[in-house]
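Before any comments, here is the structure.
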Amino acid sequence: MIRMTLLRLAQAVPVLFAVSLIAFALLRTAPGDPAITLAGVGASQEQVDAIRHELHLDRSLPEQYVLWLQEALSGDLGDSYTTRQPVTELLADRFPATVQLALTALVLVIVIAVPLGVLAALRRGGAADHLVRILSLGGLAVPSFVLGMGFVLLFGWYVTGVWPYQGFVAYGTDPVEAFRHLLLPALALAFPQIGVVARTTRSGMLDVLSQEYITAARAFGVPERRVVAADALRNALLPVVTQLGVVTGLLLGGSVIVENVFGINGMGSLLVASFGERNYSVTVGVMLVIALVFVLVNLAVDLLYGAIDPRIRAGYRKGEA
Amino acid sequence: MIQAPTKTTDLLAVTGLGVAYGDPAAPVRAVVDVDLTVGRGESVGIVGESGSGKSTLLRALLGLHGSGAAVSGGIAVDGVQLAHDPAAMRRVRGGTVSMVFQDPVNAFNPAYTLGSQLGRLVALHRPELGREQRRAHVAAMLDRVGIPAHRTRSHPFEFSQGQLQRCMIAAAFLAGRPALVLADEPTTSLDVTVEAQIVELIRDLRAELGMSMVLVTHNLGLVADLCDRVHVMYAGRFVEHTTIRGLFDSPAHPYTRALLKSAPDLDRVRESRGSRLPTMRGGVPDLAAPPPGCPFAPRCDEHLGEVCDRDLPELLPVPLMPAARTAHGTAPAGQASDTLPRPGDVRARCHRHAASALSGGTAVEGVKA
Ligand SMILES: Nc1ncnc2c1ncn2[C@@H]1O[C@H](COP(=O)(O)OP(=O)(O)OP(=O)(O)O)[C@@H](O)[C@H]1O
Ligand code: SF4
Ligand SMILES: [Mg+2]
C-alpha cells in the first residue's frame, strides 16, 4: 500500500508539471501587460520598469518560467493585480469554503445515489428503479445553477426565514449552521451527479449479482443480506469509485457558478471575479490549486481501488503498475 | 433443523420437477417431469449433452434458479418438502446439502481471502466453534484437500484452477456436515492430470464421510468412477435410468446407445477417464417448441415410425436385457457400480420398450456393440 502510494505520487509529478506549463503560458499570453496593470493608472515608466524587473518580465520566456516555477514551489504565486494581496493568501482564504461545499455535495451524492442504485438493482422495475431513471434524466435537464436559483427563489422569496440560502459558515465554526447553509448549494451541486452515480451503482450491482460467486455464496447458505452487502456491494463499488473521482472534479467545477448563486466566497467566485477583472495571477493560482486537488482525488481513487480489489494491490507488489 | 431421518425416507426425493425459463406464455422448458431419488450414502450420476438441462436441474434443487425461472414439482430432503418453502430451502443450503461448482475461479469472491471465505462458511454451519477453533478447522479443511494451511491469507487469483477446485471441495464437503453434495461438472475446467487428483479426492472424502452425491457431467468416465446409478437426460427429461454396468453393457435407450457408440467400454473408460460425450448428428430440440412425439425422434437411428413422431413415450421399466458388452469379464468385486442391473433397475423412455414390455418378451434386439 505504501509502495503504491509513492508510485502514484511519483506519477502525478509529470501531470502537475504539464499543468504548471499551461498555467504559465496562460499567464504570459493573456492580453494586457501585468506590470502596467499592477503599477496602476498614472504610474511613471520607472515604476513600471521596476515592477517588470520584479516580475522577471525583462528575462527570456524559459528563464521566466523557471523563476516563476521556483517561486510557485516555494509558495509564492505572486500578488493580485488589483488588491496587491499575495495570491496564496487569497487562495487560503477562499479554499475552505469550496472544499466544504464540494465535500458536502460529494457526501450527498454518495449517501443518496449508492443506496438508491443498490435498491434499483435488487428490485428491477420497482420504485427505486424508476426513481433512478427519473433522476438521471432530471440531472441532465436541470443544471446546478438552475436548481440553485430555484432554491434561492423558493427560500428567499416564497418561504422566507425557514432555511438559509445565502452565505457560508465553516464546519469548524458551527457544524449545524454550516450544514444548514451548505445543504441547498450542495444539493444543487450534487443533483446532476446523483442519477449518474445511482445508475453506475445499479449496473455494477446487476453485473455482480449475476456472477457465479454470488450463486455460490447462496448455495453455501450465506444469508441474502450478507450476499448483498458483503459479496456483491464490495465488487460493485469498483466502477462507482472510479466515477466518484470524476464526479468530485465536476463538483469542484460546478461550484464556480453555484458559489456565485448562493453568495459563498469560495474559489469559484474568486475565479469568476479574477477572470472578469483580468486579474490573471489569481486566475492561474486558482487553476493550480484545482489541478492539485484533481491529482489528490485521483490518488485517493487509486488507493480506494487498491483497498477494494486485492488484485490491484498485488499488481503493485509485483511492480506491474 | 431437519427432523431425525427415518430409515424409510430417501435423503433426496424429487418428484415431477419442472423448470421453465422466460415468458410463461412460451416457456423454455429446460427440465420436464423429473423424478429423482438418492439414498443415504448413494451416488447418482446425471449425463447428457450440453443444453439438456443438467445444471438447471441441479440448481433448482437448492432453489438457485434465478427469478426468471418457474419451478414446479416436489423437492424433499430428509422428508422435508422444500420446493415452495424458500425459508426451508435456505436452511439446508450449505449445511445439509452443498454444491461443488464447475468453474472454481468464478465461484469464489475475488475480493476476499480464501481463509475469510471458508471461515465464514464454518461460522455459519458450525456455530458451536469459537474463533480459534474455527481458524483451526479452516486450516484442517485445507490440509485435508492438500492446500498448505498458510494459504488462508491468499486471494482466489493467487491460486491455480486445480487448487481452487480443491478449496471448493473443502467448502462443499468439510465446512458443514453435508448429507448430500451436488456436483456440477466438478472437473470440466481442469486438465486431465488435475482431474484425476480431484476425482481421487472426491472419492476419498465420500468414503471417509459417507455423504450422498448427485454428479452432473458430460464425462462418462467420471460417472463410471464416482457413481452407483445414472440417469441419462435428453431435452430436459430423464430418458433412461440404469446402473453403471447397465449403462456400458446394455444401454436401453437409443439415445444412450448413440452416446456410447464411440465411447470405449467401461473398463477402458475407467483407465482413460478422458471420454467426453461424443457429438452426434443433429442438435437438442428447441426447448420452447419441442416436437409433439419423442423428443429424440429427429435424431433416432431406431425410429419406429408414426408412433415416435406422434406420442411422447413414458419412462417405463425395461425387462432385463442381455449384457451385450460384458466381453471384458467382471470388474473388481464389491463396488456397487459394478453390479449388473437387477429387474426393475432399468427404466427407459422409448416406444420400443413399451412395445416389448407389453408383449412380455425380452428386450430390444438392437443392442449391437
Ligand atoms: N437463465 C436462463 N434463462 C433462459 N434459458 C436458460 C437459462 N439457463 C439455461 N437456459 C436454457 O436451458 C437449457 C438447459 O440449460 P442447462 O445449462 O441446464 O444445460 P446443461 O445440461 O447444464 O448444459 P451444459 O452441459 O452446457 O452445462 C438450455 O437450452 C439453456 O439455453
Ligand atoms: S421412442 Fe422412437 S424415436 Fe424415440 S428413442 Fe424410442 S425409437 Fe427412437
Ligand atoms: Mg451445465
Quiz item: At what distance in nm do the modelled label points of A:Leu6 and A:Arg317 sit from each other, each positioned 7 Å from its Cα along Cα→Cβ?
Solution: 1.7 nm
Practice problem: Calculate the mean, over all residues of peptide A:220-229, of how many other protein chain Cβ atoms lie within 10 angstrom of the residue's Cβ. | Solution: 5
Self-check item: Spatial separation of Cα centroids for the stretch B:168-234 and the stretch A:189-219, in angstrom
Solution: 34 Å
Quiz item: Given a Förster distance of 30 angstrom, what is the FRET efficiency for B:Gln161 paired with B:Ser116, based on the Cβ-Cβ distance and rounded to 0.05?
Solution: 0.90
Quiz item: To the nearest 0.05, what FRET efficiency results for B:Arg203 and A:Thr242 with a Förster distance of 30 Å applied to their C-beta separation?
Solution: 0.05
Exercise. Please order B:Asp143, B:Asp78, B:Asp35 by the number of other Cβ within 10 Å, starting at the fewest.
Key: B:Asp143, B:Asp35, B:Asp78
Quiz item: When A:Tyr280, B:Tyr255 are ordered from fewest to most other Cβ atoms inside 10 Å of their Cβ, what list results?
Solution: A:Tyr280, B:Tyr255
Self-check item: Long-range HN-HN contacts of A:Ile264 with modeled amide H, under 5 Å
Solution: A:Gly167
Quiz item: What is the average number of partner chain Cβ atoms found within 10 Å of a Cβ in B:166-173?
Solution: 1
Quiz item: For the stretch A:249-299, what class follows from the C-alpha gyration tensor (a ≥ b ≥ c being the square roots of its eigenvalues): rounded when a/c is under 1.5, otherwise prolate if a/b is larger than b/c, else oblate?
Solution: oblate
Practice problem: Select from A:Thr173, A:Thr98, A:Thr248 the residue whose mean-square fluctuation is largest in a Gaussian network model of chain A (Cα-Cα springs shorter than 10 Å). | Solution: A:Thr173
Quiz item: Put a dot 7 Å past each Cα toward the Cβ at A:Asp207 and A:Glu46; how far apart are the dots in nm?
Solution: 7.0 nm
Quiz prompt | Counting DSSP beta bridges with both ends in the protein assembly as shown, the antiparallel % (nearest 5) | solution = 60 percent
Quiz item: At a Förster radius of 30 Å, what calculated FRET efficiency corresponds to the Cβ-Cβ distance of B:Thr193 and B:Asp35, to the nearest 0.05?
Solution: 0.20
Quiz item: To the nearest Å, what is the center-to-center distance of the stretch A:51-110 and the stretch B:23-101, using C-alpha atoms only?
Solution: 68 Å
Exercise. Extending each Cα 7 Å along its Cβ direction at A:Val162 and A:Glu63, get the distance between those two points in nm, one decimal.
Key: 6.5 nm
Quiz prompt | All-pairs alpha carbon distance profile, the stretch A:90-267, 5 Å steps from 0, percent | solution = 1, 9, 15, 17, 16, 13, 10, 8, 5, 3, 2, 0, 0
Practice problem: Quick one: compute a quarter of the convex hull surface over the Cα atoms of the stretch A:37-93 and quote it in nm². | Solution: 4.2 nm²
Quiz prompt | Neighbour-count ranking [beta-carbon atoms within 10 angstrom, fewest first] of A:Phe95, B:Phe157 | solution = B:Phe157, A:Phe95
Quiz item: At each listed q (0.08, 0.14, 0.15 Å⁻¹), what is the log10 of I(q)/I(0) that the Debye formula gives for chain A modelled as equal alpha-carbon point scatterers?
Solution: -0.50, -1.16, -1.23
Self-check item: Cα gyration tensor, the stretch A:88-167 - rounded (a/c under 1.5), prolate or oblate
Solution: oblate
Self-check item: Global form of the stretch B:68-132, assessed from the alpha-carbon gyration tensor, a/c cut-off 1.5
Solution: oblate
Exercise. Over the alpha-carbon set of the stretch B:1-94, work out the extent along each principal axis and list the three values in angstrom, largest first.
Key: 42, 29, 22
Self-check item: Shielding by partners, peptide B:102-112 (average Cβ within 10 angstrom, other chains)
Solution: 6
Quiz item: Amide H neighbours of B:Ile46 under 5 Å, counting only residues 5+ apart in sequence or on other chains, H built in-plane at 1.01 Å?
Solution: B:Leu215, B:Val216, B:Thr217, B:His231
Exercise. Normalise the Debye intensity by I(0) for the stretch A:164-223, one equal point scatterer per Cα, no solvent, then take log10 at q = 0.17, 0.28 Å⁻¹ and round to two decimals.
Key: -0.68, -1.03
Exercise. Identify which of A:Ala141, A:Ala300, A:Ala105 has the largest mean-square fluctuation in a Gaussian network model of chain A, with springs joining Cα atoms closer than 10 Å.
Key: A:Ala141
Quiz item: Which cross-chain or sequence-distant (5 or more) residues have an amide H under 5 Å from the amide H of B:Leu316, H modelled 1.01 Å from N in plane?
Solution: B:Ala348, B:Arg349, B:Cys350
Self-check item: Two-decimal Rg/Rh across the stretch A:36-184, once Rg and the Kirkwood Rh are taken from alpha-carbon atoms
Solution: 1.19
Practice problem: Please sort through the DSSP H helices of chain A and keep those with an alpha-carbon extent of at least 24 Å along the long axis and a Kyte-Doolittle average not below 0.5. | Solution: A:2-29, A:87-122, A:175-209, A:233-261, A:280-308
Quiz item: By the scheme Lys and Arg +1, Asp and Glu -1, what is the net charge of all other residues having a beta-carbon under 15 Å from that of A:Val246?
Solution: 0
Quiz item: Residues with beta-carbon under 10 Å from that of B:Arg229, excluding B:Arg229: net charge, scoring Lys, Arg +1 and Asp, Glu -1?
Solution: -3
Quiz prompt | Given charges at Cβ of Lys, Arg, Asp, Glu: chain A dipole, positive-most of A:Thr215, A:Tyr65, A:Gly117 | solution = A:Thr215
Quiz item: Using the C-alpha gyration tensor of the protein assembly as shown, what are the square roots of 5 times its eigenvalues, in whole angstrom, with the largest one first?
Solution: 72, 27, 23
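Where a number appears in this text, it was derived from the coordinates with a stated rule and is not lab data. Since the model is a prediction, treat every value here as computed from it, not as a measurement. Backbone-built Cβ (ideal geometry, glycine too); neighbour counts: all protein chains shown.
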